[in-house]
Amino acid sequence: MRVQTGVSFLFALVLACQAKKDYSGYQVLTTGKLSPVQVDALRNLQTSDERFDFWKEAHPDGAADVMSSADHLTALKEFLTKHNIDYSVKIQDVGEAIQISEKPSPTKKSNPNARYNLNWDEYGSHDDFNEFIEEIASQNSWASVRSIGKSVEGRDMKVLELTKGGSGAPNIFIEAGIHAREWIAPAVATYTVKELVENYDSHPEYLDNFNFYVLPCANPDGYEYSRSTDRLWRKNRGLNDGALCKGVDLNRNWEFHWAESGVSDSPCSDVFCGYTPTSEIESQNIKAFYSTLSPVPELTVCFHSAANLWLYPYGYAYDSYPDNVDEIRRLGEDAVDALNAVNGQSFECINSAELYPAAGASDDYYASLGSRFVYTPELRDNGFGFVLPPEYIIPSGEEVWAAWKVMLDKIMPNKE
Ligand SMILES: [Zn+2]
């Protein structure tokens, strides 16, 4: 009897270890419009209190979204009330929202002739992304896949190179998925590849005049962990020496003004910037690859979610911009106008620091190297935040494609 109990206990323990993190009872609260004083209070909370998870950062005249477990909800509400911050419930039960978001899209069509597993009716795995780009490379003489190194858990980080434009043509770099839980980001990056390559005949000028380098999943370990174990995991899966908590926020780990703002030095925080700049193998791999691109990419786009924003650098401090900020802002605004016209979304183009000063992000680093146009789209929210149901992948891909056309037409060689 005792042995049986022991075995049952062990079995339950193994099951518990394998189970996905349960977000039943977690809620996301959204605030009213915030004053600068209220913004400061919320930012202090974000970097000092690990009970609360910010889905949308506090910024003046904007709203913040904050998730809490049922256990800490009262404390969060007391904090908001104490600072005279209005709030309402955005997501009543995060566990239920995750379940909804994991159902296959109702529009899902099976395609027996598909050459790859990836489809944009559901969210793919890291293996699906790599298979997709390998297939694109195998079908086109001007496409190839380059391994840029392995993640900390040994996953292959692969970049798709579309070099039909040829030597000296403007380079374009696309980075997606550096935050694990922002699943729409790799989905839209790969949708962009599909549109560029498989719909080439509709717009040959893009592949003919540019070279594209696409890293669909910049944080493969975190992404797979968010699929298998904790849907809302954000960081990589690096071991932090001497700490119980795993993971560094890869988008706080880059060496340009590293750790100056918007980060935590606690390894358990979601915005832990690492012990040193570029400490993480994933950042190191991307940095080494990016430095090989010559000329420096004319355009660099880093896909994130979920705030309906189109951000431009710098993000490390207020009132700090690249020299050509006027043309960056103009092109970003034009891209957003085209994006919004497709499905009636209401994206805004703003400076990253206006959203939230945060140092050590990859977009700041790329801009500091001289990439002329650098943007960080925070893709659509639709009231779901990070757990966007898959039927929104294709509409997101379509509206972002409209933004791509504006940007590519503008920077097309010999057209300026
Ligand atoms: Zn992000």
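Hey, could you get me the Stokes-Einstein D for the chain, Kirkwood radius over alpha-carbon pairs, 20 °C and 1.002 mPa s, rounded to whole µm² s⁻¹? Working shown, then result.
On the way: Rh = 22.0 Å.
Value of D from the Cα-based Kirkwood radius: 98 µm²/s.
Annotation: peptides 68-79, 154-165, 41-52, ranked by per-residue average of other Cβ atoms within 10 Å with the highest first, follow the order 154-165, 41-52, 68-79. With the simple model of a label 7 Å out from the Cα in the direction of the Cβ, V89 to D334 spans 4.6 nm. For K287, the aspartates and glutamates whose Cα falls under 19 Å of its own Cα, not counting residues fewer than eight places away in the same chain, are E153, D156, E161, E175, D221, D249, E255, E298, D363, D364.
Close amide H contacts of N351 (hydrogens built in the peptide plane, cut-off under 5 Å, sequence separation of 5 or more or a different chain): Y312. With viscosity set to 0.692 mPa s at 37 °C, what whole-number translational diffusion coefficient in µm²/s follows for region 249-299 from Stokes-Einstein and a Kirkwood radius over Cα pairs? Answer, rounded: 279 µm²/s. Counting only lysines at least 8 places from K164 when in the same chain, those with an alpha carbon closer than 18 Å to its own are K194, K405. Overall, the accessible surface of region 78-220 at a probe of 1.4 angstrom is composed of carbon and sulfur to the extent of 42 percent.
Extending 7 Å from the Cα toward the beta-carbon at both R115 and S346 defines two label points whose distance is 4.2 nm. Straight Cα distances below 25 angstrom link K21 to the lysines K56, K77, K90, K103, K235, K246, with same-chain residues fewer than 8 positions distant left out. Comparing Cα centroids, region 287-331 and region 226-248 end up 27 angstrom apart.
Given only helices, namely DSSP H runs of n ≥ 4 each adding -39500 (n - 2.57), what is the per-residue ellipticity at 222 nm of the chain, to the nearest 500 deg cm²/dmol? Write out the running numbers ahead of the final one.
Numbers: 13 runs with 152 residues, N = 416.
Computed ellipticity for the chain at 222 nm equals -11500 deg cm²/dmol.
Tell me the carbon and sulfur percent of the accessible area for region 270-386, rounded to whole percent, probe radius 1.4 Å. In region 270-386, the share of accessible area belonging to carbon and sulfur is 46 percent. Sort out for me the Cα centre separation of region 138-212 from region 62-99, rounded to whole Å. Here the answer is 38 Å between Cα centres. Probing with 1.4 Å while keeping every protein chain in the model, the per residue accessible area of the chain equals 41 Å². Placing pseudo-labels 7 Å out from each Cα toward the beta carbon at D127 and D201 gives an inter-label distance of 3.4 nm.
Assuming R0 = 41 Å, what is the FRET efficiency of A19 and D265, from their Cβ-Cβ distance, to the nearest 0.05? Efficiency for this residue pair is about 0.85.
Would any residue of region 358-382 have its amide N under 19 Å from a label point 7 Å out along Cα→Cβ of S294? List them or say none. Output list for this probe position: 369-372.
The values are calculated or read from the model by the stated rules, or taken from the named source; none is laboratory data. Everything numeric here is computed off the predicted structure, so don't read it as measured data. In this analysis, Cβ positions are derived from the backbone assuming ideal geometry, glycine residues included, and neighbour counts consider all displayed protein chains. Just so you know, the surface numbers come from the protein's heavy atoms only, side chains and all, with ligands and any DNA or RNA stripped out. Shrake-Rupley method; radii C 1.70, N 1.55, O 1.52, S 1.80 Å.
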